[in-house]
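Participant: What follows is a single structure, and I will ask about it in a moment.
The values are calculated or read from the model by the stated rules, or taken from the named source; none is laboratory data. None of these values were measured; they are calculated from a predicted model. Quick reminder, even Gly has a Cβ in these numbers, built from the backbone with ideal geometry, and neighbours come from all protein chains shown.
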Amino acid sequence: MTQTDLLAGLAIEIVSIFALIIMLTDALVERSTRLCETLSIVGLLGGLAASAYAHLTMPGQTAFNGMIVVGGMSTLYDAIFCGAGIMTVLLAREYLTRVGGMFDEFYTLLMMSIAGMMLMGHSADSMPMFVGLEVMSICFYVMAGLMRNKLSSNEAALKYFLLGAFASGFLLYGIALVYGSVGSTAYSAIAAKALSTQFPTLFWVGIGMMIIGLGFKVAAFPFHQWAPDVYHGAPTVVTGFMSTAGKAAAFSGFVGFIAPTMASGVPGLEKAKVILALLAVGSMLVGNITALAQTNVKRMLAYSSVAHAGYLMIGLAAGNAAGWTGITYYLVAYLFMQIGAFAVVGILERENGGNLTVDDYRGLARRRPGLALVMSLFMFSLTGIPPFAGFFGKYYLFNAAIQADLTWLAIVGVVSSVISVWFYLGLVVIMYFREPLGEMEGGEASISSRTALALSIIGTLLIGLIPQAIINIAAR
Amino acid sequence: MLTLPIEYYLTLSAVIFIIGTIGVLTRRNAIIIFMCIELMLNSVNLTLVAFSQYMGDMAGQIMVLLVMTVAAAEAAVGLAIVLALFRNKQTVYVDEVNVLKW
């Protein structure tokens, strides 16, 4: 371990150290919520700065004996994770206090999970990828069950834990088989030796197992069954965080190991592409069609996040440089619009699951015009209507599919986007053109929640206006 | 000393892995499901050690240490979740925990 290694991994180190500091603060200082909050934001900003520094000074370098890579896409991933963390911290206190889940451990868990995600985003080897994934997942299991006196939250945690650990088993078995067939866990070595392996069957079974394991983590069809229940039962701020940063982390791991494999020209790649394409089609169609039938907004957004995993899988199936940058761009766009949408849901939500059904949103435009306007903006962006960020995200992914001669996949993507118009814009219609049923209480947002909302709005608009800036960082 | 060919280890670990998978899919008791998951993770450890020994490469054995650490952390969190559930609803059977459905 040299000084260069420490500098390259500085972003991960800062976030991890702050996680530990917050844990001690929580234990030693009384009424430490605000202090923990401040420390989290400072730590995450520090992580962002360190990652930007690494991007500028040593892009594309590896560190810790080729375990992690810095700069380029990994910097964008860091920005996604830290950005999601900052917005979640801003939203958390008000929401968790209201629903009775305000424990200061939340900040430790959040920072730990972000450290795990960053490790995944930086990984150039299956070992740190697995460790990062588990650090993230274990924190998520606890965060999903944060409202420990509520049965729905317990259930979400239990389901997430059992299925998440099950998926980890598959991922790990895949890693072991790939390791056995090529003799190394490093992604570069996997790609280099895949052609000359003596056990091609073992290699492909291993890659298949890894796809299953990561497919669970990104909530892609047919491994998505846990997602609606977990996203529904978990506290809304946690759901927003899990469904954006957690998904982004799982995709960063996915891209990390599959990009070198795709570039290696191993026989059998075409079949792998078809399987990934089928997973993408299944996720898009099942996610969007099931979302049509939902009457609970949180659940609707959960199913639609399965569909978004499908759009992202298009980039994996395309398997070219345009696909990887497309995925990264889409993850940044998705971060802002999805956290924003969940922020609005969280602001409106009352204790014991009040104000969560579509009917509660009737006539919202008259009672809370600001929130209704903001929500509509996120809905437009999630549908993929220009000039919002979601449009360019889909544009890049579909474009990558066409470049890879998968035009049919792009067409399915467009069709399923059209299906999603029904429920996304349906919610907008309900907010603007339906009479409210009875009185509605709640909907006041604190200054920090407003800041988080403002950040998501700026992100959704700005990234839609200057898409090239993100693409340039990712391609470096 | 008699050395077994690597296929024996791989077959054994594949069988243990499949037993674990079947257990997860068929059992309804959360604790037993969790034990089956541990079985899956340990079968992977066996695979890793076997490959590591076969190829004379240490990375596999290092990985086993990481897996064991992760499994221990998972056990702590998992049992705490089961305990929290049991406090609210006196059951550990996953099919009786079904407040979330569409």
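Participant: Checking the conditions here, which among A:Phe241, A:Phe251, A:Phe203, A:Phe257 is in contact (Cβ under 8 Å) with a residue 60 or more places away in the chain and within 14 Å of another protein chain (Cβ to nearest Cβ)? Walk me through how you get there before you give the answer.
Facilitator: Numbers: A:Phe241 fails: within 14 Å of another protein chain (Cβ to nearest Cβ); A:Phe251 fails: within 14 Å of another protein chain (Cβ to nearest Cβ); A:Phe257 fails: within 14 Å of another protein chain (Cβ to nearest Cβ).
Within the list A:Phe241, A:Phe251, A:Phe203, A:Phe257, the selection yields A:Phe203.
Participant: Continuing with this model, one more query. Scan the stretch A:360-373 and report the pairs whose first residue is part of a loop (DSSP other than H, G, I, E, B) and whose second residue is of a type in the set (Gly, Ala, Ser), with Cβ atoms within less than 7 Å and a gap of 6+ or a chain change.
Facilitator: What qualifies is A:Arg368/A:Gly443.
Participant: For the stretch A:142-159, does any single residue satisfy the condition of being more than 9 Å from every other protein chain (Cβ to nearest Cβ), charged (D, E, K, R) and in contact (Cβ under 8 Å) with a residue 12 or more places away in the chain?
Facilitator: There is no residue in the stretch A:142-159 that is more than 9 Å from every other protein chain (Cβ to nearest Cβ), charged (D, E, K, R) and in contact (Cβ under 8 Å) with a residue 12 or more places away in the chain.
Participant: Quick check on this structure: which one of A:Ser137, A:Ser51, A:Ser74 is crowded, with 24+ Cβ neighbours inside 10 Å, modelled with pLDDT under 90 and of a type in the set (S, T, N, Q)?
Facilitator: Working: A:Ser137 fails: modelled with pLDDT under 90; A:Ser51 fails: modelled with pLDDT under 90.
Exactly one of A:Ser137, A:Ser51, A:Ser74 is crowded, with 24+ Cβ neighbours inside 10 Å, modelled with pLDDT under 90 and of a type in the set (S, T, N, Q), namely A:Ser74.
Participant: May I ask you to verify whether A:Ala186 is among the small types (Gly, Ala, Ser), more than 8 Å from chain B (Cβ to nearest Cβ) and touching an Asp or Glu at 6+ places or on another chain (Cβ under 7 Å)? Break it down stepwise before answering.
Facilitator: Details: among the small types (Gly, Ala, Ser): yes; more than 8 Å from chain B (Cβ to nearest Cβ): yes; touching an Asp or Glu at 6+ places or on another chain (Cβ under 7 Å): yes.
Taking the combined requirement at face value, the residue satisfies it.
Participant: Would you check if there is a residue in the stretch A:212-228 being free of Cβ contacts under 8 Å to residues at least 60 places away in the same chain, within 12 Å of another protein chain (Cβ to nearest Cβ) and assigned to a helix (DSSP H, G or I)?
Facilitator: yes
Participant: Hey, can you tell me all the residues within the stretch A:98-134 that are in a helix (DSSP H, G or I) and over 24 Å from A:Ser188 (Cα atoms)? So that I can check it myself, show each step before the final result.
Facilitator: Taking the stretch A:98-134 and keeping what is in a helix (DSSP H, G or I), we get A:98-99, A:105-122, A:126-134.
Matches in the stretch A:98-134: A:Arg98, A:Val99, A:Glu105, A:Phe106, A:Tyr107, A:Thr108, A:Leu109, A:Leu110, A:Met111, A:Met112, A:Ser113, A:Ile114.
Participant: Name every residue in the stretch B:55-92 that is touching a helix residue (DSSP H, G or I) at 6+ places or on another chain (Cβ under 7 Å), more than 8 Å from every other protein chain (Cβ to nearest Cβ) and surrounded by 14 or more Cβ atoms within 10 Å (Cβ to Cβ), in order of residue number.
Facilitator: The answer is B:Gln61, B:Val64, B:Ala71, B:Val92.
Participant: Among the residues in the stretch A:115-134, are any within 11 Å of chain B (Cβ to nearest Cβ) and closer than 30 Å to B:Gln90 by Cα?
Facilitator: Yes, because at least one residue in the stretch A:115-134 is within 11 Å of chain B (Cβ to nearest Cβ) and closer than 30 Å to B:Gln90 by Cα.
Participant: Also: Does B:Thr26 satisfy the condition of being out of contact with any Ser or Thr (no Cβ under 7 Å at 6 or more places or on another chain), more than 10 Å from chain A (Cβ to nearest Cβ) and under 18 Å from A:Ser181 (Cα atoms)?
Facilitator: Numbers: out of contact with any Ser or Thr (no Cβ under 7 Å at 6 or more places or on another chain): yes; more than 10 Å from chain A (Cβ to nearest Cβ): yes; under 18 Å from A:Ser181 (Cα atoms): no.
So B:Thr26 fails the test.
Participant: Quick check: anything in the stretch A:460-472 modelled with pLDDT of 85 or more, surrounded by fewer than 17 Cβ atoms within 10 Å (Cβ to Cβ) and either small (Gly, Ala, Ser) or under 20 Å from the mean Cα position of the chain (by Cα) (or both)?
Facilitator: Yes, the conditions are met somewhere in the stretch A:460-472.
Participant: Still on this structure: Test A:Ala176 against the criterion of being within 19 Å of B:Val44 (Cβ to Cβ), in a helix (DSSP H, G or I), more than 8 Å from chain B (Cβ to nearest Cβ) and of a type outside the set (Asp, Glu), and give yes or no. Give the steps one after another, and end with the answer.
Facilitator: Numbers: within 19 Å of B:Val44 (Cβ to Cβ): yes; in a helix (DSSP H, G or I): yes; more than 8 Å from chain B (Cβ to nearest Cβ): no; of a type outside the set (Asp, Glu): yes.
Considered against the rule, which asks whether it is within 19 Å of B:Val44 (Cβ to Cβ), in a helix (DSSP H, G or I), more than 8 Å from chain B (Cβ to nearest Cβ) and of a type outside the set (Asp, Glu), A:Ala176 comes out as no.
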